[in-house]
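The structure under discussion appears below in the form of structure tokens.
The values are calculated or read from the model by the stated rules, or taken from the named source; none is laboratory data. Worth saying up front: this structure is predicted, and the values here are computed from it rather than measured. For neighbour counting, all protein chains shown are included, and Cβ atoms are generated from backbone atoms with ideal geometry for every residue, glycine included.
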Number of protein chains: 2
Amino acid sequence: MAQQDPLERLLSLERPNKDLINIMPLQTGSVLTEAARKALIEFGDGYSVCDFCTGRLTDIVNPPVNAFVNDLLPPFLGCDRAILTYGARDGIFMVLHSLTKPGDVIVVDKNRHYSTAVAAERAGVTLVEVPHSGHPEYVVDAEGFQDAIAEHKPSLVLVTYPDGKFGNVPDAARIGEIAREAGVPFLINGAYSVGRMPVKMRELNADFIVGSGHKSMASAGPSGVLGMSNQWTERVLRISATNKKKEVECLGCTLRGVPLVTLMASFPEVQERVKAWDVQVEKAQHFSAAMQQFGFEQLGEKPHRHDMLSFTSNVFYEISQKVRERGYFLYKELKERGIWGIQPGQTKTLKISTYAATDEQLEYVLQSFKDIIAKYS
Amino acid sequence: MAQQDPLERLLSLERPNKDLINIMPLQTGSVLTEAARKALIEFGDGYSVCDFCTGRLTDIVNPPVNAFVNDLLPPFLGCDRAILTYGARDGIFMVLHSLTKPGDVIVVDKNRHYSTAVAAERAGVTLVEVPHSGHPEYVVDAEGFQDAIAEHKPSLVLVTYPDGKFGNVPDAARIGEIAREAGVPFLINGAYSVGRMPVKMRELNADFIVGSGHKSMASAGPSGVLGMSNQWTERVLRISATNKKKEVECLGCTLRGVPLVTLMASFPEVQERVKAWDVQVEKAQHFSAAMQQFGFEQLGEKPHRHDMLSFTSNVFYEISQKVRERGYFLYKELKERGIWGIQPGQTKTLKISTYAATDEQLEYVLQSFKDIIAKYS
């Protein structure tokens, strides 16, 4: 194929994989609902959300941003106040930038997302990690926060609930209890829980919760939510001295565009789907059990309590050492079978989310793994 | 009309005004191109841009984010390096957060956008404003930066090019010269220029330039670009100590979603349209001349050099004092005539952009103003 002019390529951007069975952990929670797909088209133009703005994004009545942010999100998140962000990481940085000063320490779980470390770096704070149990379960024990807090006197405690690598769901409520006893504010990174599983900030004894629209709320990105208790609104949502309708930490308005309408349009369905979370957990456990029968070892908690799964897959790695395509053979074999989500080149460990696929599709994925192993044996 | 359940309203989000003649300054530069509209639908799902990510957003080859950010944007902006942001304000904050420390001073033009003041507040820096000439032209004299810089020793000089209120285009190249002589880095806020008019950072003697996808680049929001000279990349685009593929100030990745593909898909057309900027200026001047014949006073520079126009409109204000709908009569009359963009309640001054409307549509807008005046006389 001749190298195409990049300018020409921009005119026909396509996703060759968009109709395949999707098992990519990043993507399974943010497939748009039908309502979101319609809203996306309706509000595609820049600043379309601001048609009827009177100065504050979260006051807009049409589309009903006001009702969404002030009436619907707080009970959904189990918090007092909610605000829109560009994503979970941006909410974390907003909290760090409001609550800490450079040189402070924050205590986080060892399974934290990379962006938590980067947000800490941007805020100039030091990250202290509560370790996990190591291979194969990588479990973070809530009690580990006790010592870390006592030793480091952090300005914030953060837990990743669940983490994006193993899908482990830590005992956040207990960590919240420990943080509260120590008088340290506690933030839940719910990028992979808010919008997938039932999660209420208050029940987890937390002061803050962040969620991600483009990870788990059936929304286009960049989009996210930050919930907090009343105690912190004055500090995190402080109003500009020169602009009485603008929050400093939001730089005025955040989500001024189409990801906000997809977040809103999907919300009624998202609110419902979290109620069926046990079905998702069952699906994941069933899939994991079948994978283990093939000789794949599931990493992370067992029994597993989330749709994000990691497996060691030595059999695929061994094949990759013998075939011409090396590590890419698996990606290719799966793509030919209509399965999307294993990173090209990945064979040693497989990261899979069972969230978006149906039971039948998951059976087909399992059968495909079986067939591929047989083909190369 | 009975009050509708907010949850139900979320399921059918609509823009009643989407097919009207659009003269709203916020919106005329970001109507999507056809290519962007297709890309929007193709890449609606969350994290779809990341299908083929290998760890860094700006390395992605499919869709061609890499070529767009590294090959196409720098010559377009007249800079050495470009990076993606959520919008102009976010680019400004990234620079402030990298170059200044709390307590520093920055010197800006009096016509600066509100978000510049909020970004400064967020970074803890003090804003010193170079005044404008006041009513009716509100012109910021480049030479005014001389004294302000000498007196306040700022860490950054910023100019709004043009401002969003009057559409005045300051002599940025001269301000850049002054800043350079004083050894102070200089940032151009090009939210209303990048994507509308030809603008090259280097020719304006600037170190940084920010643009807005959802204001002037025919893109969905939130989206923006930040360009800079090589001298500053190490500081502003510093790499995380723990993640070698992630820029700290970007929190890793910024535009991980659909606004990025609309920004890219529209780019070929945007790159072309800036070449026809003189046609836009002519259109604006023609419109302004006609408005002045009706007795509206144009504020800001004359002759005007941008499609953003402000007029005092006492005749409409006087009508508003006599009619039942008060200030809303004008919005209503225009909407009935298929014209969108005058804020509800606004009558004393009109903010209008002629950018998106055709000559015929602008004639129709003028005739409508005339008819409305006649109706109430």
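From the list A:Ala179, A:Ala206, which residue is within 22 Å of A:Asn230 (Cα to Cα), touching a Pro at 6+ places or on another chain (Cβ under 9 Å) and assigned to a helix (DSSP H, G or I)?
Result: A:Ala179 is the single residue among A:Ala179, A:Ala206 that is within 22 Å of A:Asn230 (Cα to Cα), touching a Pro at 6+ places or on another chain (Cβ under 9 Å) and assigned to a helix (DSSP H, G or I).
Which pairs do you get when a residue that is more than 9 Å from chain A (Cβ to nearest Cβ), found in segment B:83-106, comes within reach of a residue that is hydroxyl-bearing (Ser, Thr, Tyr) and crowded, with 23+ Cβ neighbours inside 10 Å, reach meaning Cβ atoms under 7 angstrom, with the pair 6+ apart or on two chains?
Once the first residue is more than 9 Å from chain A (Cβ to nearest Cβ) and sits in segment B:83-106, its partners that are hydroxyl-bearing (Ser, Thr, Tyr) and crowded, with 23+ Cβ neighbours inside 10 Å give B:Leu84/B:Thr254; B:Thr85/B:Thr254; B:Ala88/B:Ser212; B:Gly91/B:Thr85; B:Met94/B:Thr85.
Of the conditions (1) among the charged types (D, E, K, R); (2) free of Cβ contacts under 8 Å to residues at least 60 places away in the same chain; (3) touching a strand residue (DSSP E or B) at 6+ places or on another chain (Cβ under 9 Å), A:Asp71 satisfies every one except a single condition; which number is it?
Only one criterion is unmet by A:Asp71, namely (3).
Return the only residue of B:Val108, B:Val128 being crowded, with 20+ Cβ neighbours inside 10 Å and in a strand (DSSP E or B).
B:Val108
Within segment A:2-17, track down each residue that is in a loop (DSSP other than H, G, I, E, B) and facing another protein chain (nearest Cβ under 7 Å).
Across segment A:2-17, the qualifying residues are A:Leu11, A:Leu13, A:Glu14, A:Arg15, A:Asn17.
Tally time: how many residues in segment B:145-174 are in contact (Cβ under 8 Å) with a residue 40 or more places away in the chain and in a helix (DSSP H, G or I)?
Number satisfying all stated conditions: 3.
Failed condition for A:Asn243, given (1) touching a residue at least 60 places away in the same chain (Cβ under 8 Å); (2) facing chain B (nearest Cβ under 9 Å), with all others met?
That leaves (1) as the condition not met.
Name every residue in segment A:112-121 that is surrounded by fewer than 24 Cβ atoms within 10 Å (Cβ to Cβ) and more than 20 Å from A:Phe166 (Cα to Cα), in order of residue number.
Hit for segment A:112-121 is A:Glu121, nothing else.
Condition first: of a type in the set (A, V, I, L, M), away from every other protein chain (no Cβ under 14 Å) and without any contact (Cβ under 8 Å) to a residue 24 or more places away in the chain. Can you find one or more residues in segment B:283-300 that meet it?
Scanning segment B:283-300, I find at least one residue that is of a type in the set (A, V, I, L, M), away from every other protein chain (no Cβ under 14 Å) and without any contact (Cβ under 8 Å) to a residue 24 or more places away in the chain, so the answer is yes.
Sort out which residues of segment A:217-239 are hydroxyl-bearing (Ser, Thr, Tyr), in a loop (DSSP other than H, G, I, E, B) and away from every other protein chain (no Cβ under 12 Å), and write them in order of number.
Matches in segment A:217-239: A:Ser229 only.
Among the residues of segment A:344-360, count how many are free of Cβ contacts under 8 Å to residues at least 24 places away in the same chain, at negative phi and within 14 Å of chain B (Cβ to nearest Cβ).
Of the residues in segment A:344-360, 2 are free of Cβ contacts under 8 Å to residues at least 24 places away in the same chain, at negative phi and within 14 Å of chain B (Cβ to nearest Cβ).
Given the condition within 22 Å of A:Ser12 (Cα to Cα), at the interface with chain A (Cβ under 8 Å from one of its Cβ atoms) and assigned to a loop (DSSP other than H, G, I, E, B), answer yes or no: does some residue in segment B:62-70 qualify?
There is at least one residue in segment B:62-70 that is within 22 Å of A:Ser12 (Cα to Cα), at the interface with chain A (Cβ under 8 Å from one of its Cβ atoms) and assigned to a loop (DSSP other than H, G, I, E, B).
In segment A:331-369, what residues are part of a helix (DSSP H, G or I) and over 30 Å from A:Lys275 (Cα atoms)?
Within segment A:331-369, A:Tyr331, A:Lys332, A:Glu333, A:Leu334, A:Lys335, A:Glu336, A:Ser368, A:Phe369 qualify.
Taking only segment A:27-49 into account, find how many residues are out of contact with any helix residue (DSSP H, G or I) (no Cβ under 8 Å at 6 or more places or on another chain), facing another protein chain (nearest Cβ under 7 Å) and surrounded by fewer than 23 Cβ atoms within 10 Å (Cβ to Cβ).
Result for segment A:27-49: 1.
What is the one condition in (1) part of a loop (DSSP other than H, G, I, E, B); (2) touching a Ser or Thr at 6+ places or on another chain (Cβ under 9 Å); (3) within 11 Å of another protein chain (Cβ to nearest Cβ); (4) within 24 Å of A:Glu234 (Cβ to Cβ) that A:Thr54 does not satisfy?
The one condition A:Thr54 does not meet is (2).
Among the residues of segment A:312-330 satisfying the criterion of being within 21 Å of A:Ala290 (Cβ to Cβ) and surrounded by fewer than 23 Cβ atoms within 10 Å (Cβ to Cβ), which is nearest to the chain's Cα centre (by Cα)?
Result: A:Thr312.
Confirm whether B:Ala241 is touching a Leu at 6+ places or on another chain (Cβ under 6 Å) and surrounded by fewer than 24 Cβ atoms within 10 Å (Cβ to Cβ).
In short, no.
Among the residues of segment A:263-285, is any modelled with pLDDT of 95 or more, among the polar types (S, T, N, Q), crowded, with 21+ Cβ neighbours inside 10 Å and more than 30 Å from A:Pro74 (Cβ to Cβ)?
No.
Filtering segment B:246-271 down to residues that are outside any helix (DSSP H, G or I) and in contact with a helix residue (DSSP H, G or I) (Cβ under 8 Å, 6 or more places away or on another chain), which residue is nearest to the other protein chains (Cβ to nearest Cβ)?
Looking at residues that are outside any helix (DSSP H, G or I) and in contact with a helix residue (DSSP H, G or I) (Cβ under 8 Å, 6 or more places away or on another chain), I get B:Gly257.
For the list (1) within 23 Å of A:Gln343 (Cα to Cα); (2) without any contact (Cβ under 8 Å) to a residue 40 or more places away in the chain, I need the number of the one condition that A:Ala220 fails.
(2)
Within the bounds of segment A:197-216, is there any residue that is β-branched (Val, Ile, Thr), surrounded by fewer than 23 Cβ atoms within 10 Å (Cβ to Cβ), away from chain B (no Cβ under 14 Å) and closer than 27 Å to A:His152 by Cα?
No, every residue in segment A:197-216 fails to be β-branched (Val, Ile, Thr), surrounded by fewer than 23 Cβ atoms within 10 Å (Cβ to Cβ), away from chain B (no Cβ under 14 Å) and closer than 27 Å to A:His152 by Cα.
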